[in-house]
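Note sheet for the following structure.
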Amino acid sequence: MAGGPYRRAQAAASAQVDPLAGLRTPADPPWDVYLTGTVFLDIIFTGLDSAPVRGTESWARGMGSSPGGVANMATALARLGLKTSLAAAFGDDHYGEYCWDALEHGEGIDLSPSRTVPGWHSPVTVSMAYEGERTMVSHGHEPPPEEPAPDCPPRARAAVASLVPGTRAPWIAQAASKGARIFADVGWDDTGAWDLAGLADLEHCEAFLPNAQEAMRYTGAESPREAAHALTEHVPVAVVTLGAEGAYAVDGRTGETAVVPAIAVEALDPTGAGDVFVAGFVAGTLADWPLADRLAFAGLTAALSVQEFGGSLSAPGWAEIGAWWRQVQSLEQQDPEALRRYAFLADLVPEDVGRPWPLRRAVPTIGFRRSA
């Protein structure tokens, strides 16, 4: 799948800022972040006035298509300037070809640990966004099992994992044994057990990032802050997302805490915002920023993402971050405290990112040919 000049310029341009530039050495691992999971083809409908009603037809005012699933996280990491490697199965259909092309050539993500599976169709998710929420319908089949290559997972500074209650993922321990710092989130526990002992791979993690409900159910705490502190008995850093109220974090090794309110925005589509939040926190952690800066940056990237269609292609790059920072400074009667909270961006974002091409965004259909 050869990429033309448009795609090569686009991939190179999405990461004009390297947040780890001052920390890189010749002895570094080849990748900043490794992750694995399922790539979906996401079809997103927005502009619905309400949830679809049985027996009726609903028309959406907006529609977009983009890679989804683990592609959300991979794209968000790559657009923040992190060298990202992804292991995933891709169907040999047009959807799979599109997702592979968008990630490898469009975003510059390393897909050498990935594979195309003959005769396997790509998983698909249809997401409907309305009233600030979303409803999703997915379809897919497990790809045929395949033994990982001897060098998979590759050596990386960090890895991002989604923990599954009652299940160990051997690659997490393998990545940790190679020196990777593991960042993990978790989905809703459909079993209702909410047993932290069931999250066996948590022992390999440096940071755990559940939402408030997940954190309180796993710990039995009565408040998100109490839950965050309880989680540090099991993992060094706990970050609890609070939705419209922002996020709270605790570093159990130092006792440092941080709370950052959410940035008020008009959300178009919340798909993938949680992945973008984690990616922002990973970037700040690998760059050795203070806990409060990491939390603020994660919240900012997530807020910027919900103003675009789709999960993966809604993730902001440094141009969008820089544009936001310049804009908020120019607003009259801006809250000085809020500006101080994001003042660390002044040393990160150049005056002109100089990106020659706009970032790819979700489009109503796929398959249009681009001129070179």
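Quick look at the values:
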{"read-out": "Antiparallel bridge percentage (DSSP; both residues within the chain; nearest 5)", "value": "50"}
{"read-out": "Amide H within-cut-off set for residue 182, under 5 Å, with H built and near neighbours excluded", "value": "159, 206, 207"}
{"read-out": "Heavy-atom SASA rank of 105, 139, 121 (probe 1.4 Å, accessible area, largest first)", "value": "139, 121, 105"}
{"read-out": "Rg to Rh quotient for segment 221-356, alpha carbon positions, Kirkwood Rh", "value": "0.97"}
{"read-out": "Area of residue 324 that stays accessible when all protein chains are in place (1.4 Å probe, Å², to 10)", "value": "40"}
{"read-out": "Ellipticity estimate at 222 nm from DSSP helix runs (n ≥ 4, -39,500 (n - 2.57)) divided over the chain, nearest 500", "value": "-8000 deg cm²/dmol"}
{"read-out": "Electrostatic dipole magnitude of the chain [Cβ: Lys, Arg +1; Asp, Glu -1; Cα centre; debye, to 20]", "value": "860"}
{"read-out": "Accessible area of segment 168-238 belonging to carbon and sulfur atoms, whole % at 1.4 Å probe", "value": "47"}
{"read-out": "Gyration tensor verdict on segment 143-185 (Cα atoms; rounded if a/c is under 1.5, prolate if a/b is larger than b/c, oblate otherwise)", "value": "oblate"}
{"read-out": "Cα gyration tensor, segment 213-288 - rounded (a/c under 1.5), prolate or oblate", "value": "oblate"}
{"read-out": "Approximate spin-label separation residue 58-residue 94, in nm, with each point projected 7 Å along Cα-to-Cβ", "value": "2.7"}
{"read-out": "Exposure rule at most 10 other beta-carbon atoms within 10 Å, DSSP loop GluC sites (Glu not before Pro): the chain longest free segment", "value": "147-221"}
{"read-out": "Shape parameters for segment 34-122, alpha-carbon atoms, Rg then Dmax in Å", "value": "15.4, 48"}
{"read-out": "Accessible area (Å², per residue) of segment 210-268, counting only protein heavy atoms and a probe of 1.4 Å", "value": "50"}
{"read-out": "Surface accessible to a 1.4 Å probe, per residue, for the residues of segment 37-179, Å²", "value": "47"}
{"read-out": "Where 219, 38 fall by accessible area, highest first, once all protein chains stay in place (1.4 Å)", "value": "38, 219"}
{"read-out": "With DNA, RNA and ligands ignored, accessible area of residue 339 (1.4 Å probe; Å², nearest 10)", "value": "50"}
{"read-out": "Per-selection Rg to Rh, segment 69-164 - Cα, Kirkwood hydrodynamic radius", "value": "0.98"}
{"read-out": "263, 109, reordered so the largest accessible area comes first (probe 1.4 Å)", "value": "263, 109"}
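The values are calculated or read from the model by the stated rules, or taken from the named source; none is laboratory data. Model, not experiment: these values are computed from the prediction. Note that we place each Cβ from the backbone using ideal geometry, even for glycine, and neighbour counts take in every protein chain shown. Please note that ligands, DNA and RNA were not included when accessible areas were found on the heavy atoms of the full protein model with its side chains. Shrake-Rupley method; radii C 1.70, N 1.55, O 1.52, S 1.80 Å.
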